[in-house]
Amino acid sequence: DEPAFTSKISMFIRGREWLDEKEKIVSLAGDSMPKTYVIQNGEWAEESPSPDESTLFFLKEAEKNGGKAVQVYRSPAECLANALDATSTYVVQGHIASPMLTVDGHKCHVKVYCLLRCDDDGTSWTLYTCKDCYLSVASERWSPTDVSREAQ
């Protein structure tokens, strides 16, 4: 999910913005991801989330990857107040009700890299999956009210 690598080679795949830019991936993912709201020019683009929708809200810069641009807040109003760069686009998502947890209560997720390729016949597809995957585990136990990076 990173467009540039540390080597001298950079890889830019035509159309990859539909996977990188979070406000665009919503149109592809549909109901497979949490309801997503957009902040543009310092205001809600269409509708804003209800404060009762979730106990926590994630504010993400739409064009950044790697998790470093994700901030956690207790309300949509806090998200809007902290979308500080009026030239950037942000997305806001409420926390899912039951996140995946380790047996000792730490939030976690698995990232698997796949490539789906349309074959030369134009109708068949080949799926390639990397044998290695990435497991991310929070350093602190999860709580539905903890906004720290260590728990989220």
Query raised in the report: If contacts are Cα pairs under 8 angstrom and at least 6 residues apart, what is the relative contact order of the stretch 25-105 in percent?
Result: 39 percent
**Report entry** Length gained when the stretch S148-R74 is fully extended (0.36 nm per residue, less Cα-Cα span)
**Finding:** 25.5 nm
Query raised in the report: In terms of the ratio Rg/(2.2 N^0.38 Å) built on C-alpha atoms, what value belongs to the stretch 20-152?
Result: 1.21
Query raised in the report: What order, most packed first, do the peptides 58-64, 120-126, 78-84 have when packing is the mean number of other Cβ atoms within 10 Å of each residue?
Result: 58-64, 78-84, 120-126
Query raised in the report: All other residues with a Cβ under 9 Å from the Cβ of R141 taken together, and with Lys, Arg as +1 and Asp, Glu as -1, what is their net charge?
Result: -2
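No lab work stands behind these numbers, since they all come straight from the coordinates. None of the values given here were measured: they were computed from a predicted structure. So basically every Cβ, Gly included, is an ideal-geometry build from the backbone, and we count neighbours across all protein chains shown.
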